[in-house]
Amino acid sequence: MTATHHLWLPAPTDLTLLQDEIHVWRIDLDQPELHLQNLAATLSSDETARAERFYFQEHRQRFIAGRGILRTILGRYLDVQPRQVEFNYQRRGKPVLADKFTDSGLAFNLSHSQGLGLCAVNCTSEIGVDLEYIRPMSDLEALAKRFFLTREYEMLRSLSPNQQQEVFFRYWTCKEAYLKATGDGLSQLEQVEVSLTPTEPAKLQITENWSLFELVPTNNYVAAVAVANFGWNLKCWQY
């Protein structure tokens, strides 16, 4: 795997986000009941309503954990209580901070898969993060043919079945992280070209200046962070 194995450290009490930094938070979505109750109390009425629409308790609890912890993290940067964090939603449902927090310049994105979540935070540029659990997929080649460019599909087909799984999800996370940063939907997936191999890190093949970071949050997961411009210093925190 070519992604950097970063150390996921506890965040310092005097948390500071510098202009050239990206902070990525690793979040355990399976929280104890007492902590879940505290997190649920920080949610807005619309978030509570969304949580209640989940059919399975596990999914409901993970949504509450993800939103509550997101509020807790953003509250630290904004110096407000988690309950005071307010969101607006873009046309595809992507949450952004409400207008009252515009002066902070804070941009963030959240992704989750199974019981793990990642939150990426930046204070100068739009940012996107995607996280995927590597799992067997019977229709992997068909999906690759549908959503990947010809060069990407041919590269995937040249690999062993074990390599195919990991590389498929690396392609997917890189593409989706970029699309989440730009606000475009999955319908544009096949428009985003990514160059990678089992031994080389991924690069976005686009004209604009974008940085792409591949991460391994834990075993059997891959993730990617996309952010405009270059020269970023990545810091990884464990919530």
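Just need the Rg to Rh number for the range 71-141, please, alpha carbons only, Kirkwood Rh. My calculation of the ratio gives 1.08. For Y221, the amide hydrogen comes within under 5 Å of the amide hydrogens of I134, counting only partners 5 or more places away or on other chains and with H modelled in the peptide plane. Shown here are the Rg and Dmax of the Cα trace of the chain, at 17.8, 51 Å. Span-like helix criteria (full DSSP H runs; alpha carbon extent of at least 30 Å along the helix axis; mean Kyte-Doolittle hydropathy of at least -0.5) are satisfied in the chain by 57-78. Computed over the range 1-121, the P(r) curve from all C-alpha pair distances, binned at 5 Å from the origin, holds 2, 10, 19, 25, 21, 13, 8, 3, 0 percent per bin. Binned at 5 Å from 0, what are the whole-percent values of the Cα-Cα distance distribution for the range 103-239, short to long? Calculated P(r), rounded to whole percents: 2, 10, 21, 24, 21, 13, 7, 2, 1, 0. Among M155, M137, sorting on how many other beta-carbon atoms sit within 10 Å of each Cβ, with the fewest leading, yields M137, M155. From the Kirkwood radius over Cα pairs of the range 137-176, Stokes-Einstein at 20 °C and 1.002 mPa s returns a whole-number translational diffusion coefficient of 216 µm²/s. For the Cα trace of the range 149-223, dividing Rg by the Kirkwood Rh returns an Rg/Rh value of 0.94. Fewest-first ordering of L149, L70, L212 by other beta carbons within 10 Å of each residue's beta carbon gives L149, L212, L70.
The range 1-61 and the range 144-167 have their alpha-carbon centroids 32 Å apart. Compared with the direct C-alpha span, the chain from A98 to L143 gains 12.6 nm at full extension, assuming 0.36 nm per residue. Looking at the range 52-174, the pairs of alpha carbons with a distance over 18 Å make up 63% of the total. Helical runs assigned H by DSSP (4 residues or longer) give the chain a calculated mean residue ellipticity at 222 nm of -10000 deg cm²/dmol, each run adding -39500 (n - 2.57) before division by the residue total.
Quick note: the coordinates plus some simple rules give every number you see, no bench work behind them. Worth saying up front: this structure is predicted, and the values here are computed from it rather than measured. Virtual Cβ from ideal backbone geometry, glycine too; neighbours counted across all protein chains shown.
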